[in-house]
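Okay, so here's the structure we're looking at.
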Amino acid sequence: MAKAKIVKARLVANWTWNGVNEVCGICHVHLDGCPPEATAKFQTPGDDCPVVWGECKHAFHLTCITKWLGTQSDSQSCPMCRRRWEYSG
Ligand SMILES: [Zn+2]
Ligand SMILES: [Zn+2]
């Protein structure tokens, strides 16, 4: 049991990135990485993808939220909390 706890702690530590400890709510890839789709279409592997925050404080890859909002026919809402989506900042 003690060994398992140590492994888990290391995994958590690896998820911290510049104080941002989140994954994209759409593709579930860490915000420090790129969604596989963007890597294939627009980016060379290893490049950072733009990350955007909403007023609700949820963050997504720009490519992911753009694609998500494109599927919203009526109101544009955050895929995580369903609040109205507004770009922060
Ligand atoms: Zn994403
Ligand atoms: Zn949200």
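FYI, it's all coordinate maths here, none of it is from the lab. The structure displayed is predicted, hence computed values, not measured ones. So basically every Cβ, Gly included, is an ideal-geometry build from the backbone, and we count neighbours across all protein chains shown.
Quick notes on this one:
- Once you divide the Cα radius of gyration of region 47-89 by 2.2 N^0.38 Å, the number left is 1.09.
- A full extension of the chain between Thr66 and Glu86 corresponds to an added length of 6.0 nm, given 0.36 nm per residue minus the alpha carbon distance.
- If R0 equals 25 Å, the separation of the Cβ atoms of Ser73 and Trp53 corresponds to a calculated FRET efficiency of about 0.55.
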